[in-house]
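Just below is one structure, and these are the notes that go with it.
A short reminder: the numbers here are calculations on the coordinates, not readings from a lab. All values derive from a computational prediction rather than experimental measurement. Virtual Cβ from ideal backbone geometry, glycine too; neighbours counted across all protein chains shown.
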Amino acid sequence: MQLRCSYCQTMFALSREEMLAGLQHMSAENLNYYDAHCPKCRRANRVERKRMEMFFPKWKEAIKAMTKEATQAEKETGPAKPAPAEKKPASPKPAAKKPAKKNPASSKKATGGAKKK
Ligand SMILES: [Zn+2]
């Protein structure tokens, strides 16, 4: 929805996500307005809840769909893991026997750098 800042007269738009967040917040806190912040002067412009609901009448369904998706995603990938995990098959190889191998490059060192103390 389009809004006009009452302080600096800047026109700016509220996205669906912002309206949803605002409506959800108002519903949770029992508020009748939402503070939309102007992108230019950063001041809060009050938007009436009724007005926003008129712009987004199906917001409750949208929130339901959103939370449903979120819970499904959590079930599939686990919470707090945004990166998709690469599926690595369990390796049949046992761990390396000797972790500390002698560096093959050490033989090269012997030929050079003799002047250093
Ligand atoms: Zn402004």
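If I go through segment 1-18 residue by residue, how many of them are surrounded by 14 or more Cβ atoms within 10 Å (Cβ to Cβ) and in a helix (DSSP H, G or I)? Adding up the residues that qualify gives 1. Every residue in segment 1-34 that is under 22 Å from the mean Cα position of the chain (by Cα) and not aliphatic (A, V, I, L, M), please. Within segment 1-34, S15, R16, E17, E18, G22, Q24, H25 meet the criteria. Residue pairs whose Cβ atoms lie under 7 Å apart, separated by 6 or more positions or on different chains, with the first residue in segment 1-16 and closer than 14 Å to M54 by Cβ and the second of a type in the set (F, W, Y) and within 13 Å of the ligand (Cβ to nearest atom), are L3/F12. Taking segment 19-34 as the range and being in contact (Cβ under 8 Å) with a residue 12 or more places away in the chain and surrounded by fewer than 16 Cβ atoms within 10 Å (Cβ to Cβ) as the test, the residues that pass are L31, N32.
For segment 19-47, the tally of residues that are assigned to a strand (DSSP E or B), near the ligand (Cβ under 10 Å from one of its atoms) and charged (D, E, K, R) stands at 0.
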